[in-house]
Amino acid sequence: MSFFDHHVHTGYSRCVKTPYAIKAALERALQRGYVEGIGITNHVHFNSPEQEHLVKSRAEIDALNRKLKAPRVLLGAEVDVDHPTGKFVLTKISQGLVDYVIAGPHNLPHQSLAMDGMDKEEFAEYFGTLEEIIVNSFSKNPVDIWVHPFLQEIEIGGEFFSEYIFAMLPRILTVLKECDIAMEISATFHRDKMDTVKIFKQGQHDEPWLQVIRITNKIYKAALDHGGINFSFGSDAHELEDAGDIGMPAAIAGLLGIPGSHILHITDLKLSR
Ligand SMILES: [Zn+2]
Ligand SMILES: [Zn+2]
């Protein structure tokens with residue numbers, strides 16, 4: 001069985017420290033033996049939404065697929081959504097260039113959640129805004145996949161914000177289902193977020209990494225139980241070594257019993273637009 005890694009960055013993302021080519025990322029991913037192809041999803045930022053890189057990537061990807069005589073690489077974009085009205089920064093021209101769109105908030109002031117003196121009212125305000133951002137951005141725009149659900153809040157709080165997250169999740173899941181938006185099962189939690197938690201509940205002694213694993217699995221399970229929601233696997237690779245790193249997402253999907261028919265493959269995303 002092989003799977004699609006829909007979430008790979010290359011040198012066109014400023015957060016990639018050592019740039020590498022699309023071809024190199026594909027070769028690394030295919031070496032793993034369980035990857036059928038990759039999607040290149042460099043950032044389109046909310047505040048400086050430069051999108052020229054999509055034109056260059058489109059040409060590189062088309063040439064590569066022609067050479068391989070099979071579509072192994074798709075072009076996506078990781079669009080930052082950051083406004084409660086659902087403002088969307090991917091231009092119509094860019095929307096016509098890409099095969100699919102992945103999106104999620106990246107720039108909320110989540111570090112402020114760990115500041116001294118934060119109270120329930122301020123938490124409620126933060127999460128209220130987050131809910132509006134996600135619901136409006138996803139219901140009004142052409143998004144195919146919600147990336148790393150609640151990454152910013154989980155990386156800083158582990159399970160600390162569970163009550164807020166699970167209060168808003170049902171409404172978001174309804175949007176995902178109605179708009180046919182898949183949920184990403186992301187490798188970044190298990191790979192990169194095992195020691196980032198800064199806020200702990202009193203008397204809560206569970207290791208942060210265990211909290212991260214538990215809450216992400218609970219989110220995936222809620223989406224599965226909601227019914228009719230698809231899932232997709234993302235390495236969120238920012239280094240060549242991590243391209244195609246979707247073994248953990250595939251294992252999680254297997255353990256949760258997500259049916260194969262609800263896991264997106266390269267052909268599903270190519271056909272979506
Ligand atoms: Zn991201
Ligand atoms: Zn990413």
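Only residues that are small (G, A, S) and either away from ligand 1 (no atom under 16 Å from the Cβ) or over 29 Å from I40 (Cβ atoms) (or both) were counted in segment 67-126, giving 8. Scan segment 168-183 and tell me whether some residue there is over 17 Å from K218 (Cα atoms), charged (D, E, K, R) and surrounded by 18 or more Cβ atoms within 10 Å (Cβ to Cβ). Looking for residues that are over 17 Å from K218 (Cα atoms), charged (D, E, K, R) and surrounded by 18 or more Cβ atoms within 10 Å (Cβ to Cβ), one finds none in segment 168-183, hence no.
The C-beta contact set for segment 133-151 (first residue under 12 Å from P84 (Cβ atoms), second residue away from ligand 1 (no atom under 13 Å from the Cβ) and assigned to a helix (DSSP H, G or I), distance under 8 angstrom, 6+ apart or interchain) comprises I134/M168; I134/I172; I134/V175; V135/R171; V135/I172; V135/V175.
So which residues in segment 248-273 are small (G, A, S) and in contact with a strand residue (DSSP E or B) (Cβ under 9 Å, 6 or more places away or on another chain)?
Initially, segment 248-273 is screened for residues small (G, A, S), giving 250-251, 253-254, 257, 260-261, 272.
Scanning segment 248-273 gives A250, A253, S272.
Of the set (1) part of a helix (DSSP H, G or I); (2) at pLDDT below 95; (3) aliphatic (A, V, I, L, M); (4) within 26 Å of G11 (Cα to Cα), all apply to M248 but (2).
When segment 132-151 is examined, which residues are found to be among the polar types (S, T, N, Q) and in contact with a strand residue (DSSP E or B) (Cβ under 9 Å, 6 or more places away or on another chain)?
Step one: filter segment 132-151 for residues among the polar types (S, T, N, Q), giving 136-137, 139, 141.
Within segment 132-151, S137, N141 qualify.
Here is a yes/no grid of residues against (1) surrounded by 18 or more Cβ atoms within 10 Å (Cβ to Cβ); (2) modelled with pLDDT of 95 or more; (3) within 16 Å of ligand 1 (Cβ to nearest atom); (4) under 24 Å from V143 (Cβ atoms):
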site	(1), (2), (3), (4)
F200	no, no, no, no
E207	no, no, no, no
G257	no, yes, no, no
L269	yes, no, no, yes
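Among the residues here, N107 does not qualify as among the polar types (S, T, N, Q), under 24 Å from T188 (Cα atoms) and assigned to a strand (DSSP E or B).
Within segment 69-76, the presence of at least one residue that is loosely packed, with under 15 Cβ neighbours inside 10 Å and under 22 Å from H265 (Cβ atoms) is confirmed.
So how many residues does segment 65-105 have that are of a type in the set (G, A, S) and within 15 Å of G37 (Cβ to Cβ)? So that I can check it myself, show each step before the final result.
Initial filter on segment 65-105 (of a type in the set (G, A, S)): 70, 76-77, 86, 94, 96, 103-104.
Adding the requirement that they be within 15 Å of G37 (Cβ to Cβ) leaves 70, 76.
Here the count works out to 2.
The values are calculated or read from the model by the stated rules, or taken from the named source; none is laboratory data. Small disclaimer: the values here were computed from a predicted structure and weren't measured. Note that each Cβ is placed from the backbone with ideal geometry, even for glycine, and that neighbours are counted across all protein chains shown.
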